[in-house]
Amino acid sequence: MKALTANRLIDGEVVFWARGHWVERFGEAQLFDADAPAGEAEAHAKNQPTVVIDPYLIDVAEAPGGVAPVAYRERLRALGPTNTPQHGKQAEGGADIDVIAHASGVARSGGRHNLIKRK
């Protein structure tokens, strides 16, 4: 499964695609599988250069209680600022935030993993 994400230009907020518009919560994001045309949504999003910047597809997978981004970076983006749980989406809470916060498994980078030297 995949979800489409970007950053909103007006305030830098991480947003997710949901059936024709952008939403702030990962739990509201439209999920694409092999049968759903994710490329069409991505192309539409890329034609909104005054609304969002750098839209791209992320991998999501089943997690206890729902779905969560596969990459650790994307989990952090979906949780909002991580400097303290009293800020952003973490402070708002909700079932989708709990699922992401407790997701485990593969925590890989989606595209820049070759830039990080691992032992």
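Just so you know, in the stretch 1-19 the residues that are among the small types (G, A, S) and free of Cβ contacts under 8 Å to residues at least 24 places away in the same chain include one that is farthest from P49 (Cα to Cα), and it is A18.
Applying the criterion of being surrounded by 15 or more Cβ atoms within 10 Å (Cβ to Cβ) and touching a residue at least 40 places away in the same chain (Cβ under 8 Å) to the residues of the stretch 32-55, the residue that is nearest to T5 (Cα to Cα) is P55.
Residue-level analysis places G39 outside the set of residues that are within 26 Å of G94 (Cα to Cα), of a type outside the set (K, R) and not in a strand (DSSP E or B).
Can you pull out every residue in the stretch 57-79 that is among the β-branched types (V, I, T) and either closer than 21 Å to H44 by Cβ or crowded, with 20+ Cβ neighbours inside 10 Å (or both)? Before you say what the answer is, go through the steps one by one.
Looking only at the stretch 57-79, we keep the residues that are among the β-branched types (V, I, T), and these are 58, 60, 67, 70.
Selection gives I58, V60, V70.
Of everything in the stretch 23-50 that is of a type in the set (A, V, I, L, M) and either modelled with pLDDT under 90 or touching a Ser or Thr at 6+ places or on another chain (Cβ under 7 Å) (or both), the residue that is nearest to D11 (Cα to Cα) is A45. If only residues of the stretch 7-31 that are touching a helix residue (DSSP H, G or I) at 6+ places or on another chain (Cβ under 7 Å) and under 17 Å from G88 (Cα atoms) are counted, the one that is surrounded by the most Cβ atoms within 10 Å (Cβ to Cβ) is F26. Is the stretch 51-67 home to any residue that is touching a strand residue (DSSP E or B) at 6+ places or on another chain (Cβ under 9 Å), assigned to a loop (DSSP other than H, G, I, E, B) and farther than 14 Å from A101 by Cα? Yes, there is a match, as at least one residue in the stretch 51-67 is touching a strand residue (DSSP E or B) at 6+ places or on another chain (Cβ under 9 Å), assigned to a loop (DSSP other than H, G, I, E, B) and farther than 14 Å from A101 by Cα.
When Y72 is tested against (1) free of Cβ contacts under 8 Å to residues at least 60 places away in the same chain; (2) touching a helix residue (DSSP H, G or I) at 6+ places or on another chain (Cβ under 9 Å); (3) within 20 Å of S104 (Cβ to Cβ), only condition (2) is not met. Within the stretch 90-103, being under 21 Å from K2 (Cα atoms) and part of a helix (DSSP H, G or I) holds for A95, D96, I97, D98, V99, I100, A101.
Of all residues in the stretch 68-87, which are in a helix (DSSP H, G or I) and either at pLDDT below 85 or among the small types (G, A, S) (or both)? Walk me through how you get there before you give the answer.
Pass one, the stretch 68-87, residues in a helix (DSSP H, G or I): 72-79.
Selection gives A78 alone.
The values are calculated or read from the model by the stated rules, or taken from the named source; none is laboratory data. From a predicted model like this one, the values you see are computed outputs, not experimental measurements. In this analysis, Cβ positions are derived from the backbone assuming ideal geometry, glycine residues included, and neighbour counts consider all displayed protein chains.
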